[in-house]
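Beneath this line is the structure, given in structure tokens, with notes to follow.
The values are calculated or read from the model by the stated rules, or taken from the named source; none is laboratory data. Bear in mind the structure is a predicted one, so any value in this text is a computation, not a measurement. Cβ sites come from the backbone with ideal geometry, for glycine too, and all protein chains shown count toward neighbours. The accessibility values were calculated without ligands, DNA or RNA, using every heavy atom of the protein model including side chains. Shrake-Rupley method; radii C 1.70, N 1.55, O 1.52, S 1.80 Å.
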Amino acid sequence: MKIAIIGSGIAAFEAAGTARTLSPEAEIVLYSRERVRPYRRPALSRMASEEVSEVQFYIKPQAFYDENRIRLELGRTLTAFDPDVRQLKFDAGETESYDKLLLATGAHCFLPPVPGMELDGVMSLREYADLERLRARLDAGVGRVVVIGGGLLGLELAQSLLERGCEVTVVESCPVLLPRNLDEEAAAVVQAMLGKVKKLTLLFGSSVSSILGEGGRVRGVELPGQTVPADLVMVSAGARANIAEAAAAGLKCNRGIVTDCLMKTSAPDVYAAGDCAEAGGASYGLYEAARMMGAAAARNMLGEAQPFVPQVYPARLSVFGLKIFSAGTLSGARCEVEHNPETGVFRKLFYNEAGCLAGCILVGDLRDALKLQNQIAVS
Ligand SMILES: Cc1cc2nc3c(=O)[nH]c(=O)nc-3n(C[C@H](O)[C@H](O)[C@H](O)COP(=O)(O)OP(=O)(O)OC[C@H]3O[C@@H](n4cnc5c(N)ncnc54)[C@H](O)[C@@H]3O)c2cc1C
């Protein structure tokens, strides 16, 4: 049996390893447009300023794939597939067959539809090739950067760029920072602390209306009532699932490729996992969720009916010396707040109608993070 996996992110990696454990004889092939073997994607943001060792970056050494007979076909982009005849078509026009197919194509950065996105010096960071382009740009000399998006990735990027000596402005369209991970009260605490960071400007409730250029190169961004100069604009405004090939093949897609809890798509013997999938109506965009979906897909391809069971996926951020943790539902029938303005330690717990812990936000002191995460999981 040939298991073809499209992608080389964590969902693809986990699926390949799980499939090999369950089936010593299956032919397992990973096809990816990336030219490097599976790596830890979240490391990319800090790699703009830091050297990360091979062991920290790659999920496994090449020997793992050789020993487990997992064939890596790198630099190959799937352009189309036909579930009726189980055929894959790649960018050089060549075709391959499969018995079981896993789509683990991840997501791409969302580029807001504003004029100027095509200018030289407007970039985003999703894949290793993006990091190489960004590093080359920074090496050539960048003074001022605008980061569009004040979420986790936007702030991590801002930190790396400051470490590279840039002056950074983060523009967030929501009225608060980290809108997906903090409530208003916690965001105000974090904003006050980040407001003290030198060479960092945070602008909230403000959307970029256009990116300005000169001679084809970016020179700034236009906001309501002001222009912010920039030699580089990093777009970190969320991600969208890579569904084009699946949709063209007639698979049911919404925001992601629709799957059931066994990661089966609407086409026979075609599965989807990770950021490209919408499993049981939900999309996650999180590393750990992608890993678990990949494992579930492989188990189900090989006949074990074991569903993907979503967990509590917390968000962790450590930037500018500030540690933040949030998990669960950030609203509730009742909440408890502790805040020490001198130390900056903030803690907010959210309880549901039944009095059970539904969510939490910790800033500064994360010692209780795991304990609270486990309490949320069982409530
Ligand atoms: C900079 C950054 C930081 C992040 N930090 C965190 C974090 O701290 N915590 C967290 O939980 N999540 C984080 N994430 C999100 C997390 O990385 C993703 O949720 C996770 O990588 C999804 O894994 P995946 O395997 O589904 O897809 P991906 O990792 O996106 O992999 C998809 C793969 O498919 C390939 N591909 C796509 N289309 C094709 C095609 N047509 N043909 C061949 N190959 C194709 C892509 O090249 C890629 O290799 C971060 C993401 C980024 C970009």
Can you give me the distance in nm between label points at D269 and V345, each placed 7 Å from the Cα along the Cα-to-Cβ direction? 5.9 nm
Determine, from the Cβ-Cβ distance of D260 and R69 and an R0 of 22 Å, the FRET efficiency 1/(1 + (r/R0)^6), rounded to the nearest 0.05. 0.15
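In the chain, what percent of the accessible surface is made up of carbon and sulfur (1.4 Å probe, ligands and nucleic acids excluded)?
Numbers: 8550 of 17310 Å².
Roughly 49 percent, rounded to a whole number.
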Quick check: the angle from helix 10-22's long axis to the longest principal axis of the chain, C-alpha only, nearest 10 degrees? 40 degrees
The chain: angle of helix 184-194 to the longest principal axis, Cα-based, in degrees nearest 10: 70 degrees
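For A239, what is the net charge nearby, where nearby means another residue's Cβ is under 9 Å from its Cβ and Lys, Arg count +1, Asp, Glu -1? Mind dumping the intermediate values first?
Details: positive: R126, R240; negative: D275.
Once positives and negatives cancel, what remains is +1.
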Pairwise centroid distance, computed over Cα atoms, of the stretch 48-68 with the stretch 300-379, Å: 30 Å
Calculated FRET efficiency for the pair K60/S97, C-beta based, R₀ 41 Å, to 0.05: 0.95
What do you get for the angle between helix 287-301 and the principal long axis of the chain? Use alpha-carbon atoms, 0 to 90 degrees, nearest ten. 10 degrees
So if I take the centroid of the Cα atoms in the stretch 139-177 and the same for the stretch 201-267, what is the distance between those two points in Å? 16 Å
In deg cm²/dmol, rounded to the nearest 500, the helical mean residue ellipticity at 222 nm of the chain, built from -39500 (n - 2.57) for every DSSP H run of length 4 or more, is -7000 deg cm²/dmol
Grab the chain and count how many Lys pairs have their alpha-carbon atoms under 22 Å apart, sequence gap of 8 or more, or different chains. 15
Separation in nanometres of the label points that stand 7 Å from Cα toward Cβ, at S53 and R316: 1.9 nm
Report the trypsin sites (Lys or Arg not before Pro) located in the stretch 7-40 that are in a DSSP loop and have at most 11 other Cβ atoms inside 10 Å of their Cβ, or state none. none
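Please identify the GluC sites (Glu not before Pro) of the stretch 112-147 that satisfy two criteria: DSSP loop assignment and at most 11 other Cβ atoms within 10 Å. Which are they? Spell out each step's value before the answer.
Numbers: sites: E118, E127, E132; in loops: E118, E127.
In loop regions of the stretch 112-147 (DSSP not H, G, I, E or B), the sparsely surrounded GluC sites (Glu not before Pro) are E118.
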Leaving out ligands and nucleic acids, note down the accessible area per residue over the stretch 130-220 with a 1.4 angstrom probe, in whole Å². 46 Å²
Which whole-Hz couplings ³J(HN,Hα) result when phi for each residue of the stretch 28-33 is put into the Karplus expression 6.51 cos²θ - 1.76 cosθ + 1.60, θ = phi - 60°, listed in order with x for Gly and Pro? 10, 10, 9, 10, 9, 6
Enumerate by residue number the GluC sites (Glu not before Pro) in the stretch 1-94 meeting two conditions: DSSP loop (anything except H, G, I, E, B), and at most 14 other Cβ atoms within 10 Å of the site's Cβ. E25, E50, E51, E94
